[in-house]
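A short worksheet on the structure shown next.
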Amino acid sequence: MKSGEALGPDEGELPGLSKAFFQEVEEALAARDLERIDAVIENLHPADIAELLEALDPDERRLLLRLVGNNLAPETLSYLEESLREEVAGALGPQVVANILELLESDDALAFFEDLDEELRAQILARVPVTIRRLLQEGLTYPEDSAGRLMQRETVVVPSIWTVGETIDYMRSHRKEMPHDFYDLYVVDPRYRPIGKLPLSRVMRHMRPVRILTLMDEEIRTIPVTMDQEEVAWLFKRYSLLSAPVVDDAGRLVGVITIDDILDVVEEEAEEDLLRLGGVGDADIGEGAMATAPRRIRWLLVTLFNTIVASLVISRFAGTIEEIVALAILMPIVAAMGGNAGMQVVTVTVRALATRALNPRNTMKVVGKEMVVGLANGLVFASIMGTIAGLWFGRLDLALVLAAAMIFNMAWAGLAGTLIPLSLDRLGFDPAVAAGPFLTTTTDVLGFFVFLGLATQFLL
């Protein structure tokens, strides 16, 4: 098989590495055939190499890394899942990792370096040049998930007194120090504070004698180095930015954030919110069972508490259930419809909070809307389920009680699905983490209480 031949997917599969490709790699590893391995992965994109490493079992992964070593494409480290970075770094060894970090842009190097343990960091720092060491150490001083962790240090900075010709000559003579790809040049004053930006395309369209000062955009949105990455992503979306300068407390330019960094943030934050809504927190399909189990136990304990509270409510109406066994059959319907309706609202509300679509001006409007939607859906499903229950058990009064309980619980789900995330957000808690368990508790407990309470009052 020729290099890269197995890149295409098998028929009916999603794009990516094919089964034939993985088989080829496994056979080459089993034979310890370095030449064959090099031929197989030679033309692979770094993202595909990362996928390959993630798909192999630990022994095969370590063997591949030992065989490839310094020939590993540097950008591969940037595409690796966070949970595998330390393992890969350990297999490569500190010297190889140090060599690779030198070749990466500063933001990618820091993103990989920050996921390593202290001992391995120290070993790597002892082997990198002083300039790289300083950048890595300084990067770790910024808060996690801040602009300082996200930015790249390689920027194209020019003084306002330069001409187009001087700028072009500077970029050509310092090409090794330039970022691999960039969109904007930043104009600074003598104190190194950004006073404007200039798209690269604009520079190339003008003649050499033209002053940079006359071409630059004076309206520039700077990002504090401590700003949370979610805030940064919101600014990029709000103002359609391709890049933005990052400044320190004194307003001096220290780095730049580009749109590709923001795409990673958006994906990361969306994934994080989704996982938290599911009660699993940070998760990775490639992690071992012993690493995954403890994180899930926490929220399963919350669920256990919820079921205990709901069971206590049910126990208060044990006599009613003994008299009317049909209630036990219908109870899960009331709880499930309320819980599912509420989670729909929670998902929408949490996302609206994250994107700032929900604000003090429209909060009450949204709360009222979701309650009306819950009430309307409650009427629809109460009619359906009430009719089914009436025909099923031959009791009109039971059907009416069930319908009333469903209407109440789904209307409450609409109200609670907005108020609970809003309240948690105001109190400084992450609504994506805590809203789900609180909502489930309220819809289950109130649903059971209302349904069984009405049954006790009107059916006995």
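Here, each number is a calculation from the coordinates, and none is a lab measurement. This one's a predicted model, so the numbers in the text were calculated from it and none came from an experiment. Cβ placement follows ideal geometry from the backbone for every residue including glycine, while neighbour counts extend to all protein chains displayed.
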Query raised in the report: Applying the Karplus parametrisation 6.51 cos²θ - 1.76 cosθ + 1.60 with θ = phi - 60° to the phi angles of the range 247-264, what ³J(HN,Hα) value in whole Hz is obtained for each residue in order, glycine and proline being reported as x?
Result: 10, 8, 5, 8, x, 7, 5, 10, x, 9, 10, 10, 4, 5, 5, 5, 4, 5
Report summary line: For the range 124-170, shape from the Cα gyration tensor axes a ≥ b ≥ c, cut at a/c of 1.5 then a/b versus b/c, turns out oblate
Query raised in the report: What does the charge dipole of the range 331-460 about its Cα centre add up to, to the nearest 20 debye, if the Cβ of each Lys and Arg holds +1 and the Cβ of each Asp and Glu holds -1?
Result: 380 debye
**Report entry** Contour minus Cα-Cα distance for residue 221 and residue 397 (0.36 nm per residue)
**Finding:** 56.9 nm
Query raised in the report: Using a simple charge model, +1 on the beta-carbon of Lys and Arg, -1 on the beta-carbon of Asp and Glu, nothing else, what dipole does the chain show about its Cα centre, in debye to the nearest 20?
Result: 1960 debye
Query raised in the report: Label point 7 Å out from residue 192 along Cα-to-Cβ: which residues of the range 105-131 have amide N under 18 Å?
Result: 106-107, 130-131
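How much length, in nm to one decimal, is gained on full extension between residue 22 and residue 175, taken as 0.36 nm per residue of separation minus their Cα-Cα distance?
Here the answer is 51.2 nm.
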Report task. For the range 330-338, just list the computed ³J(HN,Hα) in residue order, Karplus coefficients 6.51, -1.76 and 1.60, θ = phi - 60°, integers in Hz, with x standing in for Gly and Pro. Result -> 8, 4, x, 5, 4, 5, 5, 5, x
Report summary line: Among beta bridges assigned by DSSP with both residues in the chain, the antiparallel ones amount in percent, to the nearest 5, to 75 percent
Query - Counting DSSP beta bridges with both ends in the range 97-250, the antiparallel % (nearest 5) - result: 60 percent
Query raised in the report: lysines within cross-link reach of residue 176: Cα-Cα under 28 Å, excluding same-chain residues under 8 positions apart?
Result: 197
Query raised in the report: For Cα extents along the principal axes in Å, the choices are (1) 69, 55, 42; (2) 92, 59, 52; (3) 91, 63, 43; which was calculated from the structure?
Result: (3)
Report task. At a Cα cut-off below 17 Å, give the lysines reachable from residue 19, other chains included and same-chain residues fewer than 8 away excluded. Result -> 2
Query raised in the report: FRET efficiency for residue 307 and residue 144, Cβ-Cβ distance as r, R0 = 30 Å, nearest 0.05?
Result: 0.30
**Report entry** Length released on extending from residue 102 to residue 87, taking residue separation times 0.36 nm less the Cα-Cα span
**Finding:** 3.4 nm
Query raised in the report: Ranked by Cβ crowding within 10 angstrom, fewest neighbours first, how are 191, 211, 361, 61 ordered?
Result: 361, 191, 211, 61
Query - Environment charge at residue 220 (Cβ cut-off 11 Å; Lys +1, Arg +1, Asp -1, Glu -1) - result: -1
Report task. Return the ratio Rg/(2.2 N^0.38 Å) for the range 157-258, where Rg is computed over Cα atoms only. Result -> 1.08
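I need to check one value: relative contact order of the range 289-458, counting alpha carbon pairs closer than 8 Å and at least 6 residues apart, in percent.
36 percent
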Query raised in the report: In the chain, with Lys and Arg counted as +1 and Asp and Glu as -1 at Cβ, which of these residues, 67, 443, 432, has the Cα nearest the positive end of the dipole, that is, farthest along it?
Result: 443
Query raised in the report: residue 248 versus residue 429, label points 7 Å from Cα toward the beta carbon: distance in nm?
Result: 3.9 nm
Report summary line: Scalar couplings 3J(HN,Hα) for the range 186-202 by Karplus 6.51 cos²θ - 1.76 cosθ + 1.60 (θ = phi - 60°), nearest whole Hz, x for Gly and Pro, are 10, 9, 10, 8, x, 8, 6, 9, x, 10, x, 9, 9, x, 4, 4, 5
Report summary line: Here P(r) for the range 408-458, Cα-Cα distances in 5 Å bins, as whole percents, is 4, 22, 25, 18, 14, 9, 5, 3, 1
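Looking at the square roots a ≥ b ≥ c of the eigenvalues of the Cα gyration tensor of the range 289-458, which shape do they give, rounded for a/c under 1.5, prolate if a/b is larger than b/c, or oblate?
Details: a/c = 2.55, a/b = 1.43, b/c = 1.77.
Because a/c hits 1.5 or more and a/b fails to exceed b/c, the range 289-458 counts as oblate.
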**Report entry** For the range 134-212, share of DSSP beta bridges that run antiparallel, in % to the nearest 5
**Finding:** 65 percent
Report summary line: Amide H contacts under 5 Å for residue 246, restricted to residues at least 5 apart in sequence or on another chain and with H modeled in the peptide plane, are 223, 254, 255, 256, 257
